[in-house]
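To start, the structure itself, in structure tokens.
The values are calculated or read from the model by the stated rules, or taken from the named source; none is laboratory data. The shown structure was predicted, so the numbers you read here are calculated from the model rather than taken from an experiment. In this analysis, Cβ positions are derived from the backbone assuming ideal geometry, glycine residues included, and neighbour counts consider all displayed protein chains.
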Ligand SMILES: [Zn+2]
């Protein structure tokens, strides 16, 4: 289960395996698929991660 969870937060899109495009600003880090399958927003200071998986 842990392994599955870990693999879910990944560097590549689970749909198309494209490398996720990362952008970082002062509030958050956003990783997203260039084909818009998957977006991951991380608010590290709030310890929150939001995942959009279409
Ligand atoms: Zn994708």
Of all residues making up region 43-52, the number that are part of a loop (DSSP other than H, G, I, E, B) and surrounded by 11 or more Cβ atoms within 10 Å (Cβ to Cβ): 1
Note on region 18-42: residues in contact with a strand residue (DSSP E or B) (Cβ under 6 Å, 6 or more places away or on another chain) and either within 15 Å of the ligand (Cβ to nearest atom) or in a loop (DSSP other than H, G, I, E, B) (or both) are 19, 20, 21, 22, 28, 30, 31, 32, 34, 38, 39, 40
Count of residues meeting criterion [modelled with pLDDT under 95 and either surrounded by 11 or more Cβ atoms within 10 Å (Cβ to Cβ) or assigned to a strand (DSSP E or B) (or both)] in region 5-17: 7
